[in-house]
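First comes the structure, then the notes that go with it.
The values are calculated or read from the model by the stated rules, or taken from the named source; none is laboratory data. None of the values given here were measured: they were computed from a predicted structure. For neighbour counting, all protein chains shown are included, and Cβ atoms are generated from backbone atoms with ideal geometry for every residue, glycine included.
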Amino acid sequence: MAEVHFRQATRVYPGNDEPAVDAFDLDIVDGEFVVLVGPSGSGKTTALRMLAGLEEVDAGAIYIGERDVTFLPPKDRDVAMVFQNYALYPYLTVAANIGFPLKVGGMKKAERERRVREVAELLELTDYLGRKPGQLSGGQRQRVAMGRAIVREPSVFLMDEPLSNLDAKLRVQMRADIAALQSRLGVTTVYVTHDQAEAMTLGHRVAVLKDGRLQQCDVPRALYERPANTFVAGFIGSPSMNLIEVPLNGAGCTFCGVDVPLPAALPVSNGKVVVGLRPESLDLSPGGIQARVEVVEEIGADAYVFCAADQDGEPIKLVARTETRSAPEREAKVSLCPRVEEAHFFDAETSLRLEVA
């Protein structure tokens with residue numbers, strides 16, 4: 001096991017002017033489970049492949065423990081990677097697939113078989129050791145791919161969207177299995193996903209990337225409750241935060257016709273502010289924002305109400321959360337009352353979170 005350190009790590013693909021990963025700084029402690037999340041093209045997979053040695057580092061450095069691995073080949077980094085497409089050998093049995101790295105490494109057959117049995121028991125694959133990958137379900141194949149990584153006992157696990165090929169129900173189960181397995185093994189793990197629910201469920205900390213740059217890295221609750229900028233605020237949370245740019249009005253601002261006071265000493269300098277409200281911070285009650293219901297999305301006990309409203313003559317979209325049993329009908333006229341004490345404020349020019357000075 002080991003710590004991982006990215007130090008201004010940068011990757012620029014040939015023919016591109018903009019870096020795929022730009023001056024990436026991140027410290028991962030020994031035994032930590034860190035998830036890299038972001039939209040397509042954000043650089044999360046490139047960062048993982050740089051750590052694995054599958055992509056060159058054009059500037060900066062990467063350390064595993066105290067070793068500078070920036071220019072080491074993958075086989076010398078003591079990492080094991082689990083890919084999205086499983087990457088199993090179809091002509092080998094489950095036992096042979098799991099034990100393949102040990103065989104290549106020259107481990108004696110008896111010891112190799114012992115290690116394979118231990119890993120198979122850990123992953124509940126004992127009954128499938130004689131089968132070929134084509135005889136397994138998607139979830140079982142992913143377990144085999146994980147077993148092949150685990151059997152090497154690496155310092156760092158790297159996982160590149162390992163659950164994206166599974167159906168929704170199986171993904172939820174495998175999330176729980178991966179979290180329990182990582183906790184039991186205590187191995188430093190770096191995990192890439194575009195699924196924020198997966199990221200928030202699995203990660204001890206979550207690193208949010210955009211356009212190759214790290215936006216924020218923190219525990220899941222902090223990302224949700226104190227996003228560092230409007231991108232993180234809009235990306236984390238489903239549906240995303242309602243974000244509206246509004247002009248200042250004395251000691252406050254007007255959000256779709258409703259006055260929202262600003263905290264004292266909030267450092268606003270340009271006469272505008274971006275106000276953010278989570279769907280749960282908009283109540284369907286009288287005396288609030290006048291809106292029209294466009295869509296109601298029922299998800300069990302809760303419902304998300306997607307509305308059209310007006311901000312200074314401009315149409316905007318707002319989302320509120322309510323109980324399904326009290327959800328309005330489509331096209332209904334509703335009033336959305338903001339919980340002003342739960343509002344987030346961001347600089348209109350820099351998009352950074354505004355904190356009380």
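Remark: residue 199 falls outside the filter, which requires a residue to be at pLDDT 90 or above, in a helix (DSSP H, G or I), more than 11 Å from residue 37 (Cα to Cα) and of a type in the set (A, V, I, L, M). How many residues are of a type in the set (A, V, I, L, M, F, W, C), modelled with pLDDT of 90 or more and outside any strand (DSSP E or B) if we restrict to segment 327-357? Going through segment 327-357 one residue at a time, the tally reaches 5.
The rows are residues; the columns are (1) in contact with a Lys or Arg (Cβ under 8 Å, 6 or more places away or on another chain); (2) under 25 Å from residue 318 (Cβ atoms); (3) crowded, with 20+ Cβ neighbours inside 10 Å.
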| site | (1), (2), (3) |
| --- | --- |
| 181 | no, no, no |
| 190 | no, no, yes |
| 206 | no, no, yes |
| 258 | no, yes, no |
| 276 | no, yes, yes |
| 286 | no, yes, no |
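Scanning segment 141-170 for residues that are more than 18 Å from residue 125 (Cα to Cα) and assigned to a helix (DSSP H, G or I) yields a count of 2. One residue is enough: does segment 215-235 have a residue meeting the conditions β-branched (Val, Ile, Thr) and at pLDDT below 95? So far as segment 215-235 goes, no, none of its residues is β-branched (Val, Ile, Thr) and at pLDDT below 95.
Listed here are the residues, each with its yes/no results for (1) hydrophobic (A, V, I, L, M, F, W, C); (2) crowded, with 16+ Cβ neighbours inside 10 Å; (3) touching a helix residue (DSSP H, G or I) at 6+ places or on another chain (Cβ under 8 Å).
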{"site": "72", "(1), (2), (3)": "yes, no, no"}
{"site": "81", "(1), (2), (3)": "yes, yes, yes"}
{"site": "97", "(1), (2), (3)": "no, yes, yes"}
{"site": "112", "(1), (2), (3)": "no, yes, yes"}
{"site": "118", "(1), (2), (3)": "no, no, no"}
{"site": "122", "(1), (2), (3)": "yes, yes, yes"}
{"site": "133", "(1), (2), (3)": "no, yes, yes"}
